[in-house]
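First the structure, in the form of structure tokens, and then the observations on it.
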Amino acid sequence: MEIDPLPNGSGSNAATSPETAATTTAITVASNTAPSSKLSHLTESLKLEHQFLRVPFEHFKKTIRTNHRTVEKEVSAVISSVTDVADSDEISKDDAILSLTSLVSRLQGIKRKLEEGSHAENLQAHRCRARLDHLDSADAENLSEWNNVRLKRILVDYMSRMSYYDSAMKLAESSNIQELVDIDVFQEAKNVIDGLRNQEVGPALAWCADNKSRLKKSKSKFEFQLRLQEFIELVRAENYMRAISYARRYLSPWGATHLKELQRVMATLAVRSHTECAKYKVLFEPKQWDFLVDQFKQEFCRLYGMTLEPLLNIYLQAGLSALKTPYCYEDDCTKEDPLSQDSFRKLAMPLPYSKQHHSKLVCYITKELMDTENPPQVLPNGYVYSTKALKEMAEKNNGKITCPRTGLVCSYSDLVKAYIS
């Protein structure tokens, strides 16, 4: 499921408690042995795991609600049938046996659905527990390994959103992180997106029906947009009487809250699909289906507590925001700068420039900061490197320095110390 760059989704109080509990537990375990710097790094890392817990938790709640509705509906039907049989005074013995046999079959069906529902709930609960245990395992001593697993999770998240499901599944299986990723959730969205791209609203309307209460609570207008598009397609097909009947049944309930949009769409019955009026012509353009796809992605991510943008983009943008300066967009930008690449420049375009009060010199060799403790040294060819790097090179080569960029060889005594003002 491709997710276009958008602001992050809002959180929900529903997942705050387990996330906070896992974070607190992991930090407590680490605090006994971890140095303060590593512990601080670990604490900041765990703060970014909201979606990691929220998605399976929301999926778990959805499974419970679906099972509850199914069982409630079936049990009500059985009770109604029993009541009808009990109240009937003239029922024959054969009819009574037939009714009871039918009820027994129905009760067996309910039992089977309960077992299937219980199995699905157990799987979801196990996934939530696996993720809590994974957060609990975070320790300052194994932070590198833990971060490596996180990187793979982020890559699986990106591939799932971009519809590379086979690649995402293979990476998850090879890394043994199936319980730590949400490929199945994205596959649920894929069916709806594929339908909308094929100009079919059926799968999307079915998804709205399954999540009706939550969409209503969030004041979503996605179902209304789907109904409008279905009405437009009837007008495009010149099936006007059916379009009027459809509007009376499905669009009129929205009149109290979306009257202006409804009036605009109803006017297409008069102007028809071949109109040149820009206000109505846009309603018949194919891009309306793309708009519905984007709307669904937003609603889907909001429902599961996901960020609307891939996690990979968010993490990359966090790093790029610290590197972005006006110089990055100059033609002579150094190739060592990630922002010299067009793909990173595009990703960093909406980000603000990094706030730099003073220039910083970083050694080309060690990638460490050059300051008063590690001052810069100038070679005869004008290139500058840190004292630490040049001393180590001189000790290994009998006092000789080789410029890694030009190959110039000189003595350590030929270096000139540079001063930063």
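Straight-line reach from LYS217: taking Cα to Cα under 20 Å and skipping same-chain neighbours fewer than 8 places apart, the lysines in range are LYS61, LYS62, LYS297. Measuring nothing but alpha carbons in the stretch 270-312 and taking Rh as the Kirkwood radius, the Rg to Rh ratio lands at 1.24.
Ordering MET266, MET241, MET393 by how much accessible area each has at a 1.4 Å probe, largest first, what is the list? Walk me through the intermediate numbers first.
Working: MET266 65, MET241 140, MET393 40 Å².
Heavy-atom accessible area, descending, gives MET241, MET266, MET393.
Spatial offset of the stretch 181-211 relative to the stretch 266-300 amounts to 20 Å, using the alpha carbon center of each.
Suppose R0 equals 35 Å. What FRET efficiency, 1/(1 + (r/R0)^6) with r the Cβ-Cβ distance, do VAL85 and SER118 give to the nearest 0.05? The computed FRET efficiency comes out at 0.75.
Which shape class applies to the stretch 137-269: rounded if a/c is under 1.5, otherwise prolate when a/b exceeds b/c and oblate if not, where a ≥ b ≥ c are the square roots of the Cα gyration tensor eigenvalues? Could you put the intermediate results ahead of the total?
Values: a/c = 4.21, a/b = 2.66, b/c = 1.58.
Note, shape of the stretch 137-269 comes out prolate.
Estimated from the Cβ-Cβ distance and a Förster radius of 56 angstrom, the FRET efficiency linking LYS217 and SER411 is about 0.15. Placing +1 on the Cβ of every Lys and Arg and -1 on the Cβ of every Asp and Glu, with nothing else charged, gives the chain a dipole about its Cα centre of roughly 1020 debye. The mean accessible area for residues of the chain, using a 1.4 Å probe and ignoring ligands and nucleic acids, is 59 Å² per residue.
Translational diffusion coefficient of the stretch 110-214 (Stokes-Einstein, Kirkwood radius from Cα pairs, 25 °C, 0.890 mPa s): 152 µm²/s. Given +1 on the Cβ of Lys and Arg, -1 on the Cβ of Asp and Glu, and no further charges, what dipole in debye does the stretch 49-144 carry about its Cα centre, rounded to the nearest 20? So the dipole magnitude of the stretch 49-144 works out to roughly 300 debye. In the assembled protein chains, GLU116 presents an accessible area of approximately 110 Å² (probe radius 1.4 Å). Of the accessible area of the chain, computed with a 1.4 Å probe over protein heavy atoms only, carbon and sulfur atoms account for 53 percent.
Put THR43, THR101 in order of accessible area, largest first, 1.4 Å probe: what do you get?
On the way: THR43 35, THR101 75 Å².
Per-residue accessible area, sorted high to low, gives THR101, THR43.
Put ASP331, ASP139, ASP371, ASP290 in order of accessible area, highest first, and with a 1.4 Å probe you get ASP331, ASP290, ASP371, ASP139. Over the stretch 240-392, the reciprocal of the mean inverse Cα-Cα separation, the Kirkwood hydrodynamic radius, stands at 21.7 Å.
Let me confirm the definition first: pairs of Lys residues in the stretch 306-418, 8 or more apart or on different chains, C-alpha distance under 16 Å. How many are there? So the count of such lysine pairs works out to 12. Pair-distance distribution P(r) for the chain, from all Cα-Cα distances in 10 Å bins starting at 0: 4, 14, 18, 19, 17, 12, 7, 4, 2, 1, 1, 0 percent.
Rolling a 1.4 Å probe across all protein chains gives ARG65 an accessible area of roughly 70 Å².
The values are calculated or read from the model by the stated rules, or taken from the named source; none is laboratory data. Model, not experiment: these values are computed from the prediction. Here the Cβ is made from the backbone with ideal geometry for all residues, glycine too, and neighbour counts use every protein chain on show. Note: areas computed on protein heavy atoms with side chains; ligands, DNA, RNA excluded. Shrake-Rupley method; radii C 1.70, N 1.55, O 1.52, S 1.80 Å.
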